[in-house]
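The values are calculated or read from the model by the stated rules, or taken from the named source; none is laboratory data. Quantities reported herein were computed from a predicted structural model and do not represent experimental measurements. Every residue, glycine among them, receives a Cβ derived from its backbone with ideal geometry; neighbour counts consider all protein chains shown. All accessible areas refer to the heavy atoms of the entire protein, side chains included, with ligands and DNA or RNA removed. Shrake-Rupley method; radii C 1.70, N 1.55, O 1.52, S 1.80 Å.
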Amino acid sequence: MKEFHLLLFHGGSILPECILILGLILLLMIDLTSDQKDTPWLYFISLTSLVMSITVLLFRWREEPTISFLGNFQTSNFNKIFRFLILLCSTLCIPLSVEYIKCAEMAITEFLLFLLTAALGGMVLCGANDLVTIFVALECFSLCSYLLSGYTKRDVRSNEATMKYLLMGGASSSILVYGFSWLYGLSGGEIELQEVVNGLINTQMYNSPGILIALISITVGIGFKLSLVPFHQWTPDVYEGVSPTPVVAFLSVTSKVAASALATRIFDIIFYFSSNEWHLLLEILAILSMILGNLIAITQTSMKRMLAYSSMSQIGYIIIGIIAGDSKNGYASMITYMLFYIFMNLGTFACIVLFGLRTGTDNIRDYAGLYTKDPFSAFSLALCLLSLGGIPPLAGFFGKLYLFWCGWQAGLYLLVSIGPFMSVISIYYYLKIIKLLMTERNKEITPHVQNYRGSPSSFISKNSIELSMIVCVTASTTLGIAMNPIIAIAQDTLF
């Protein structure tokens with residue numbers, strides 16, 4: 001009865017999550033009661049639950065921050081915007097998987113269940129207000145990520161990548177919990193975030209060596225989820241080895257959104273008294289990620305592996321916003337660029353999924369001459385890559401400009417000096433791919449493109465992948481021009 005009363009009185013704060021749970025129950029019921037799986041209904045229920053969750057979240061946007069479920073969950077504009085971003089990622093990723101699942105003859109219901117459950121775990125993680133809820137939500141997201149990664153169990157490379165992901169993910173979670181245990185002990189047995197801070201003040205342990213151990217342990221655990229160098233070893237193998245490319249697209253954005261929300265709240269609330277220390281730690285990780293991510297990406301021959309290293313450099317840019325970290329500028333620049341990154345990255349992956357389905361290859365060299373066979377896909381991929389590189393007037397340029405400007409205002413001169421320089425380097429390997437896409441020399445065009453099954457004039461969407469591609473490409477090109485309202489909303493985010 002106690003649990004029922006908690007849900008009755010505090011259920012409004014997790015209404016978007018409750019809608020997702022209802023969608024999961026409906027999917028299970030259809031799977032259990034229907035002999036022949038009604039595929040359109042499965043996708044319809046999944047997308048409807050996600051869209052309804054987004055709608056409810058937007059309608060409740062201006063509500064006052066509340067702490068519910070005996071202090072376990074906090075509702076504020078800050079975590080609402082991250083919950084919205086996770087829902088947006090999931091909504092865009094489902095259309096990417098429709099044709100892929102059909103061609104690969106994969107089980108549909110289980111795939112959608114894992115994806116929605118991962119989204120649910122990520123949303124709870126964004127609003128979790130105590131150490132136990134944070135860990136449970138994080139593991140819910142992580143376990144679904146492992147299951148999605150190993151979804152094609154007959155693929156040897158996918159199994160190998162999933163095993164690496166599972167072992168390293170388990171190790172990073174253990175290190176994260178070790179850091180939490182230090183916070184629990186030093187604060188006198190508190191688990192709520194603000195109560196942990198009060199406990200550290202009461203016990204006079206906020207400047208003790210144990211806090212430094214906790215800080216390093218938690219940074220390592222979160223660094224793994226963010227793919228920060230040197231905790232990135234799993235990322236290239238998982239991106240390249242995991243067979244379902246839509247899964248890679250989903251993980252590439254949702255893991256970063258959820259982990260960024262967690263990092264921001266933990267560092268800014270619990271480690272308030274150690275701000276110089278965690279600023280220094282994140283600065284070092286951001287510099288390493290920007291430099292190594294971009295330099296190693298130049299040498300890659302696989303498109304997905306190149307995007308893995310590119311994502312490391314992108315998260316290095318986002319860290320600038322976390323370090324800058326005041327509610328009016330730093331966090332606003334981080335949220336704005338993360339929104340742009342979702343569209344840029346998913347747009348790129350939409351092109352890769354479509355090309356992979358039609359050719360069966362992921363090699364960068366095999367994209368040569370794609371423009372001659374499929375102008376729409378080639379043009380879309382070029383725009384998304386240019387936006388990732390920060391070419392004006394695309395969204396990526398304005399996002400990076402605002403991010404670097406906020407970093408400069410916060411005095412992060414070294415990061416802001418390295419960031420634009422490494423961004424220019426990234427343009428080199430993006431342009432190298434675009435040059436291959438646009439070539440018309442018959443000698444350079446590979447058999448994969450020569451036998452390409454796409455239509456030469458496919459400017460009208462014929463499937464769900466192209467629909468997602470259109471949405472992402474449109475956002476990647478136009479959002480930067482109209483970014484003032486986005487910045488205003490992002491500046492309104494407070495803890």
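Separation of the range 92-125 and the range 245-319 by C-alpha centroid, Å?
24
For helix 275-298, what angle does its Cα long axis make with the longest principal axis of the chain, in degrees from 0 to 90 and rounded to 10?
10
Taking amide H positions as placed 1.01 Å from N in the peptide plane, with prolines and chain starts having none, which residues 5 or more places from Ser302, or on another chain, fall under 5 Å of its amide H?
Under 5 Å from the amide H of Ser302: Ile364.
Tell me, what HN-Hα J-couplings in whole Hz come from the Karplus equation 6.51 cos²θ - 1.76 cosθ + 1.60 at θ = phi - 60° for each residue of the range 247-253, using x for Gly and Pro?
5, 4, 4, 5, 5, 5, 10
State the three equivalent ellipsoid semi-axes of the range 228-312, derived from the C-alpha gyration tensor as the square roots of 5 times its eigenvalues, in descending order and whole Å.
27, 16, 7
Report P(r) for the range 312-449: all Cα-Cα distances, bin width 10 Å, range 0 to the bin holding the largest distance, values in whole percent.
P(r) over the range 312-449, rounded to whole percents: 12, 39, 26, 16, 6, 0.
How fast does the chain diffuse by Stokes-Einstein, in µm²/s, taking the Kirkwood radius from C-alpha pairs at 4 °C and 1.567 mPa s?
56
Quick check on the range 130-281: what does the Kirkwood estimate of hydrodynamic radius come out to from the alpha carbon pairs, in Å?
Taking the inverse mean of 1/r over all distinct Cα pairs, the range 130-281 comes out at 16.1 Å.
Quick check: at a probe of 1.4 Å, how many percent of the accessible area of the range 232-390 sits on carbon and sulfur atoms?
Carbon and sulfur atoms account for 59 percent of the accessible area of the range 232-390.
Looking only at GluC sites (Glu not before Pro) in DSSP loops with at most 16 other Cβ atoms within 10 Å, what is the longest site-free stretch of the chain?
106-439
Quick one: Cα convex hull volume of the range 135-204, Å³ per residue?
66
What does the extension gain come out to for Ile269 and Leu288, with contour length at 0.36 nm per residue minus their alpha carbon separation?
Difference between extended and current length: 4.3 nm.
Please compute, for the alpha-carbon atoms of the range 258-365, the extent along each of the three principal axes and give them in descending order in Å.
54, 24, 19
Mind checking the log10 I(q)/I(0) for the range 78-156 at q = 0.13, 0.14, 0.26 Å⁻¹? Debye, one equal scatterer per Cα, no solvent, two decimals.
Taking Cα atoms of the range 78-156 as identical point scatterers yields -0.44, -0.51, -1.22.
Can you give me the P(r) profile for the range 33-180? Cα pairs, bins 10 angstrom wide beginning at 0, each as a whole percent.
Spelled out per bin, shortest first, that is 10, 33, 33, 19, 4, 0.
Percent relative contact order of the range 66-134, based on C-alpha pairs within less than 8 angstrom and at least six residues apart?
50
Can you give me the accessible area per residue for the chain, using a 1.4 Å probe, in Å²?
Value returned for the chain: 39 Å² of accessible area per residue.
Relative contact order of the chain, please, whole-number percent, based on alpha carbon pairs below 8 angstrom and at least 6 residues apart.
15
Loop-only trypsin sites (Lys or Arg not before Pro) in the range 28-98, please: DSSP not H, G, I, E or B, and at most 10 other Cβ atoms within 10 Å.
Filter output for the range 28-98: Arg62.
Taking Cα centroids, how far is the range 180-204 from the range 355-373 in Å?
Taking the Cα centre of the range 355-373 as reference, the centre of the range 180-204 is 54 Å away.
Take Trp61 and Leu22, extend 7 Å from each Cα along the Cα→Cβ direction, and tell me the distance between the two endpoints in nm.
According to this spin-label approximation, the distance is 2.2 nm.
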